[in-house]
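Reviewing the structure listed below.
Every number here is computed from the coordinates shown, using simple stated rules; none is lab data. Just so it is clear, the structure is predicted and the values come from calculations on it, not from any experiment. FYI the Cβ positions are ideal-geometry reconstructions off the backbone, even for glycines, and counts take in every protein chain you see.
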Ligand SMILES: Cc1cc2nc3c(=O)[nH]c(=O)nc-3n(C[C@H](O)[C@H](O)[C@H](O)COP(=O)(O)OP(=O)(O)OC[C@H]3O[C@@H](n4cnc5c(N)ncnc54)[C@H](O)[C@@H]3O)c2cc1C
């Protein structure tokens, strides 16, 4: 039976009245494209001149979408989610670092999230973004093959690979499943190859390394089939986070500009169909896979609920997880967890200045133009009225 995601009492049970009101006003504000654009420009300017903005950002948009500035500061968020049966995935959200020292520091911080997960049942996964531990240009140059890289670039690639291996081997040693986020298609082959090698190395008994597959690409169902053959060939488990994909506009623009075939599906329906087909394929081959559905789409959540049932899996089979982002789609997270499904939320954290690009993306994604806000806002409105007894 389909899950009813309209129960706002369950959806917002983790929020006090004050927190609920705060979220309501925040989504009301980011619902305005003009306000978001003005806010974006003002923030970029403030950051550029190093004007302090923490006092304004931290108690508002940061508090909605991030757990804290450090792992320790995330403790209360981890506890609140855990109290309601939702796991935390600590997401160190630094972007755009390029120096070797910064990339090493990010690697070390990701390892600390793995160590924290080891000692805390409320944290079922760790995660990292490959661009957090490598220069973007190195991943791009290595995309077709490693042949032909200059000596310097080869050294850069080896450093990326060593950092990735250090993170993955620690996840394996401490038995903490680890997601590798997917990024732009022009660096994704580099990431895919490295993920496959890590899975062959570390996924012999269980899925420890999870690659991410973006179903807004028309070639990804075939890639999933390739991963299933890899599982058979090497007797490993494939960990896969299935997402639709976050960089559609950028992908389409680049393909047009450079004159190659658009890697993105022709329309939303094609993405939705492939996403749901990918869920079905993984569950039909669950002996080869462990999956996490990273999505805020209610229909896909229900497709997966249905597939769990059809494939006779228990609701909390450790091979099947649902995941959403902190501050978004609580109605999916908490309604699923209250029924006994495995659910976790990405809890981004990092210094306020450093997570600003992430916060700006969340605000833009939640403008009324992009369409998420009206859903979040209506749910918050409904719950405020319910609590007032109306
Ligand atoms: C836990 C979690 C982890 C994530 N990890 C990653 C990651 O590693 N890499 C990554 O890229 N993204 C990641 N995302 C973001 C994700 O890819 C989506 O951008 C976001 O979740 C919105 O998609 P949705 O499934 O929630 O559903 P919806 O809101 O129903 O779908 C929106 C998505 O559909 C696709 N779409 C929209 N319009 C069209 C169109 N005209 N043609 C074709 N496709 C279209 C786009 O992918 C768009 O983002 C993650 C999301 C979550 C919740």
Assuming R0 = 41 Å, can you tell me the calculated FRET efficiency for the pair residue 353 and residue 235, based on Cβ-Cβ distance, to the nearest 0.05?
0.35
Between residue 193 and residue 277, what is the spin-label point distance in nm, taking each point 7 Å from the Cα along the Cα→C-beta axis?
2.8
With both partners inside region 67-349, how many of the DSSP beta bridges are antiparallel, as a percent to the nearest 5?
5
Two-decimal ratio, region 311-356, of alpha-carbon radius of gyration to 2.2 N^0.38 Å
1.46
Suppose the chain between residue 136 and residue 250 were pulled fully straight at 0.36 nm per residue; how much longer would it get relative to their current alpha carbon spacing?
39.5 nm
Averaging over all projection directions, find the projected area of the Cα convex hull of region 210-303 and quote it in nm² with one decimal place.
6.3
Placing each pseudo-label 7 Å from Cα in the direction of the beta carbon, residue 204 and residue 261 end up separated by a distance in nanometres of 3.9
With the convex hull built on the Cα atoms of region 78-228, state its orientation-averaged projected area in nm².
9.8
In square nanometres, what is one fourth of the surface area of the convex hull spanned by the alpha carbons of region 269-390?
9.9
The Kirkwood hydrodynamic radius of region 67-349, taken as the inverse of the mean 1/r over all distinct Cα pairs, in Å, comes to 19.2
